[in-house]
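All remarks here apply to the structure that follows.
The values are calculated or read from the model by the stated rules, or taken from the named source; none is laboratory data. Since the model is a prediction, treat every value here as computed from it, not as a measurement. Cβ sites come from the backbone with ideal geometry, for glycine too, and all protein chains shown count toward neighbours.
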Amino acid sequence: MRRIGARLLQLIPTTVGALLLVFFLMRVLPGDPAAAMLGTNATPQAVADLRSQLGLDKPLLDQFLDYASGLMRLDLGRSLALRTPVTTLLAQSVVPTLLLTFGGTLVSVLVGVPLGVLAALKRRTWLDYLASVGALLGISIPIFVWGVLLLLAFALQWPVLPSAGAGDTPINVGRSLILPSIATGFFQVGLVARITRSSLLSVLANDYVRTARAKGLAPPAVIGRHALRNALIPVLTVIGLNAGTLLGGAVVAETVFTRPGLGRLILDAINARDYPVIQGVMIVSVVLVVLLNLVTDLLYTAADPRVRA
């Protein structure tokens, strides 16, 4: 509980720092939301009137204080471009992004961990070299390239999976997640496999593993019960960091596969200089990343009880 409380306390300064950075940085960058909303044919007077209606003519400090006071009431404001509450837009976008993040993380674990274990157990054999080449291949190819290749293969050449959208039924949601999850997960497989291999090799050299083998335990029991469990701490760290990376980089997969989500939402908001939406997405992203790291910390204690002490 103390660890959970410390992590949750870290959420406050992290969120405030990210909010300050995004709030003032977005207002320093070139571009005017009012001009973007009215188009190139708008008169200067019309732009000035719209800026006044949106409160963009106020000093930056006053704008920040107004936003902060609304944030304390859990009011993230309204979209400048869509005139829709930001909380509504976030509620519509956060679930598809979380599903994609979970799917990509699951693929990286299901492929990367066995690949790393195989490479460690067959060290300096052709299986080790093959696993290493496959790991490097996965991390060397960007997400959008994996996405295009998967679309060409399984949406155009063999149309067995949907190429766009997030699905409207549980079955269609699952089918629409397969290709983007593979594209995002394959990009992280290499790192997970390499960390698993190096961590497992270091554990296999310990005395307690040699003792377990000397006692006559079967190799699966030695690897699964004694070696792999103790090698999971660095692997869990990488998986937790990968989940945060996938959450932040979801814009690539969501663009390639035309999926709704936080990535598409913030990309459209940046193009429209929609400050409230950008700030809302950043706040939600920071909270989710901190919570993902909290879950990773809790998994540490499940994998290695020594961490609990």
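So, in the range 41-80, exactly how many residues are part of a loop (DSSP other than H, G, I, E, B) and closer than 19 Å to Ile283 by Cα?
Residues flagged as part of a loop (DSSP other than H, G, I, E, B) and closer than 19 Å to Ile283 by Cα within the range 41-80 amount to 7.
Restricting the search to the range 253-283, which residues are under 27 Å from Arg51 (Cβ atoms) and either not in a helix (DSSP H, G or I) or not assigned by TED's automatic domain parsing to the domain that holds Ile178 (or both)?
Hits for the range 253-283 are Ala272, Arg273, Asp274.
Could you tell me whether Leu137 is buried (at least 19 other Cβ atoms within 10 Å of the Cβ) and in a helix (DSSP H, G or I)?
no
Considering only the range 112-158, state which residues are over 30 Å from Leu200 (Cα atoms) and more than 28 Å from the chain's Cα centre (by Cα).
Result: Gln157, Trp158.
Please tell me if Leu177 is free of Cβ contacts under 8 Å to residues at least 60 places away in the same chain and under 29 Å from Ser140 (Cβ atoms).
Judged against the criteria, Leu177 is not a match.
Do we find that Val47 is surrounded by 14 or more Cβ atoms within 10 Å (Cβ to Cβ) and either under 30 Å from Phe187 (Cβ atoms) or in contact (Cβ under 8 Å) with a residue 40 or more places away in the chain (or both) in this structure?
no
Restricting the first residue to the range 151-164 and requiring it to be over 17 Å from Arg259 (Cα atoms) and not assigned by TED's automatic domain parsing to the domain that holds Arg259, which pairs with a second residue that is of a type in the set (Asp, Glu) and surrounded by fewer than 17 Cβ atoms within 10 Å (Cβ to Cβ) meet a Cβ separation below 9 Å and a spacing of at least six or different chains?
none
Report yes if Leu127 is at pLDDT below 80 and in a helix (DSSP H, G or I), otherwise no.
yes
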